[in-house]
Amino acid sequence: MIGDTIRSARTIEQRRTFLEELQYFMNKSEAEQAIRLRGRLPDLEEFWQYRIGTSAVRVVLALNSYCNDLDDVPPEVLKDADYCSLLDLTNINICAVNDLLSVKKELAQGAVENLVAILFASTGSTALASHGIMEIVRASKIRFDAKAKQFLQRYAFEDDAAHVARRLVEGCKFYSTGNLDWRYVLSCIFRKLTGTHH
Ligand SMILES: [Mg+2]
């Protein structure tokens, strides 16, 4: 269903980018599995190397222009170094928020490659681990806002590009808040289905 839609709505270059991101996701999932089979936790550096791929955030960000009704995004805007930083910061923000919100469920399922667990392993303290993850979320937001300002200023005097740049920045923000909302929606559905109130 997704493939059919993308095939008819996107150019060959846009589809190629989407495919490359899917391949990146698969490669990083394989790397995560290899580390899991090794039988010990990754350190923070190893973790981030695959997590930004296994999050699949880059896959959905490859559809940022499509989801925001932008057909003709100038290639130089998509390749803009600040825009690339915005994609990375959105990815980090979503990974950290996701890991924080899903840590209980994941640990219960025996999936220990979670950022909270990895920070706990290196600090020996749940307080330091949760503080560490909130710092990552906070820093990603501060850096995102600074990069977004820089990015938008650069295209401020070109009408079409300014509109596109603004929509792309908004799109990144929607992915971040959508990630947060989606967890909330899921927990509401879960509560409804199970009749629990916690
Ligand atoms: Mg998770």
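Bear in mind these aren't lab numbers, they're just calculated from the coordinates by the rules spelled out. Worth saying up front: this structure is predicted, and the values here are computed from it rather than measured. Using ideal geometry, Cβ is built from the backbone for each residue, glycine included, and neighbour counts are taken over all protein chains shown.
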Query raised in the report: Given the pairs Lys149/Lys173; Lys104/Lys141; Lys104/Lys173, which span a C-alpha to C-alpha distance of over 20 angstrom in this model?
Result: Lys104/Lys141; Lys104/Lys173
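Normalised by the number of residues in segment 1-110, what is the relative contact order in percent for Cα pairs under 8 Å and 6+ residues apart?
26 percent
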Report summary line: Residue-ordered couplings for segment 95-102, obtained by feeding phi - 60° into the Karplus form 6.51 cos²θ - 1.76 cosθ + 1.60 and rounding to whole Hz (Gly and Pro as x), are 4, 5, 5, 4, 5, 5, 6, 10
Report summary line: Taking N as the number of residues in the chain, the ratio of its alpha carbon radius of gyration to 2.2 N^0.38 Å works out to 1.12
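With +1 assigned to the C-beta of every Lys and Arg and -1 to the C-beta of every Asp and Glu, and no other charges, what is the dipole magnitude of segment 1-93 about the Cα centre in debye, to the nearest 20?
On the way: 11 positive and 16 negative charges, 101 e Å.
Its charge dipole is roughly 480 debye.
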Query raised in the report: Based on the mean of other beta carbon atoms within 10 Å per residue, what is the order of 9-19, 87-97, 169-179, most packed first?
Result: 87-97, 169-179, 9-19
Report summary line: Here, GluC sites (Glu not before Pro) of segment 15-71 satisfying both criteria (DSSP loop; at most 10 other Cβ within 10 Å) are none
Query - Potential extension, Asp69-Arg191 segment - 0.36 nm per residue separation minus Cα distance - result: 40.5 nm
Query raised in the report: Could you give me the ³J(HN,Hα) list for segment 136-145, computed from phi with Karplus coefficients 6.51, -1.76, 1.60 and θ = phi - 60°, whole Hz, x at Gly and Pro?
Result: 5, 5, 4, 5, 5, 5, 4, 5, 4, 4
Query raised in the report: Using θ = phi - 60° and the Karplus form 6.51 cos²θ - 1.76 cosθ + 1.60, what ³J(HN,Hα) does each residue of segment 11-19 get, whole Hz, x for Gly and Pro?
Result: 6, 4, 5, 5, 5, 5, 4, 4, 4
Report task. Please work out how much length the chain gains when fully extended from Met1 to His131, using 0.36 nm per residue of separation minus the C-alpha to C-alpha distance, in nm with one decimal. Result -> 42.7 nm
Query raised in the report: For segment 59-198, with the dipole built from +1 on Lys and Arg beta-carbon atoms and -1 on Asp and Glu ones, taken about the Cα centre, which of Val59, Ser102, Ser85 lies farthest toward the positive end?
Result: Ser102
Report summary line: About its Cα centre, the chain carries a charge dipole, from +1 on Lys and Arg Cβ atoms and -1 on Asp and Glu Cβ atoms, whose size in debye to the nearest 20 is 740 debye
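How far, in nm, would the chain grow between Glu13 and Asn27 when pulled straight, counting 0.36 nm per residue and subtracting the alpha carbon separation?
Details: separation 14, 0.36 × 14 = 5.04 nm, distance 2.09 nm.
2.9 nm is the gain from fully extending Glu13 to Asn27.
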Query - Degrees between helix 159-194 axis and first principal axis of the chain (Cα, 0 to 90, nearest 10) - result: 30 degrees
Report summary line: the chain: relative contact order from alpha carbon pairs under 8 Å, six or more residues apart, as a whole percent, is 22 percent
Query - Mean residue ellipticity (222 nm) of the chain, computed from DSSP H runs ≥ 4 via -39,500 (n - 2.57), nearest 500 - result: -27000 deg cm²/dmol
